[in-house]
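The values are calculated or read from the model by the stated rules, or taken from the named source; none is laboratory data. Computed from a predicted model, the values in this text were never measured in an experiment. Virtual Cβ from ideal backbone geometry, glycine too; neighbours counted across all protein chains shown. Note: accessible area is taken over every heavy atom of the protein model, side chains too, but ligands, DNA and RNA are not part of it. Shrake-Rupley method; radii C 1.70, N 1.55, O 1.52, S 1.80 Å.
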Amino acid sequence: MLHVFNDDRSRPQPHFRHPGWPESTRQVTLPEGGAVRLRPLRRRDYAVWAKLRLKDVEHLRPVEPTVPAGWESAHTRSAWWESYGYLKSAARRGVVVPMVIELDGRFVGQVTVGNIQHGGISDAWIGYWVFSGVTGRGVASAACALGVDHAFRRIGLHRLTATYLPSNPASGRVLGHCGFRKEGFLRRNLHIDGRWMDHHFVALLADDYAASAVERLIRAGRLQR
């Protein structure tokens, strides 16, 4: 049995086997009025997932792990079934929580909490991508904040980490809005777009702030109350 150390008795206790899965998050409202939430990835998401990612190849390929067989091959229906099958199995084991970002009910990206470990480690990483057609509206910050709160309050983690490329400061700002702090610099950390790339390494602890990530964005005027 997995053990979760949670000193805040007011928080909902996560399920030991399937922490935070399959669950949707609360809905939050952007300053201009759009509604954002996270919900579990579904097998029928393939069509819109492939459409957006193929359309956004010039935005995504420079910041995502290298695809040896090519971008189009990585977004075929067979590639989707292989990826979805792995994620569904890992989610059932409580190792990964793959979520879809919805803006006014439309699929616009993903948030994933991965390599979930409980017990004396109690940490995971968080990653996300957002369709370029909705960037600049605060969707990424809202989605990341929802993912952070889900990781701490539903999955029951103590620590959450993330990385971002030096060439992608916008991602660093999103993580900073959600409270992440720089802890290091990882040299040649991931193979991105055909070569090994350095990354900034950031982290956030469940007890770093008294308020949730969503509440902090509301107070900062990045979300409506």
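For this structure, a couple of remarks:
- The alpha carbon centroids of the stretch 64-101 and the stretch 112-128 are separated by 17 Å.
- Descending semi-axes in Å of the stretch 113-207, equivalent ellipsoid built from Cα gyration tensor: 21, 18, 11
- For the stretch 169-225, the per residue solvent-accessible surface stands at 59 Å², with DNA, RNA and ligands left out and a 1.4 Å probe.
- The chain: most fluctuating residue of P169, P40, P22 per GNM, C-alpha cutoff 10 Å: P169
- Beta bridges per DSSP with both ends in the chain, % antiparallel, nearest 5: 90
- Extending 7 Å from Cα along the Cβ direction at S78 and again at D207 yields two label points whose distance is 5.1 nm.
- By accessible area with a 1.4 Å probe, ligands and nucleic acids excluded, highest first: order of E23, E82, E102: E82, E23, E102
- In the assembled protein chains, F185 presents an accessible area of approximately 100 Å² (probe radius 1.4 Å).
- Under 28 Å from K88, Cα to Cα: lysines that are on another chain or at least 8 residues apart: K51, K55
- Surface composition of the chain: carbon and sulfur make up 50 percent of the accessible area, probe 1.4 Å.
- Coarse-grained scattering of the chain at q = 0.07, 0.08 Å⁻¹, given as base-10 log I(q)/I(0) from a Debye sum over alpha-carbon atoms: -0.21, -0.27
- What separates the Cα centres of the stretch 197-224 and the stretch 149-163 is a distance of 11 Å.
- Charge dipole (debye, nearest 20) of the stretch 163-203; +1 at Cβ of Lys and Arg, -1 at Cβ of Asp and Glu: 80
- A 1.4 Å probe over all protein chains sorts D207, D198 by accessible area into D207, D198, starting with the largest.
- Dipole-positive endmost among F131, H200, L38 within the chain (Cβ charges, Cα centre): L38
- Most fluctuating residue given options A210, A170, A50, as computed from a GNM of the chain linking Cα atoms under 10 Å: A210
- Where K182, K88 fall by accessible area, highest first, once all protein chains stay in place (1.4 Å): K182, K88
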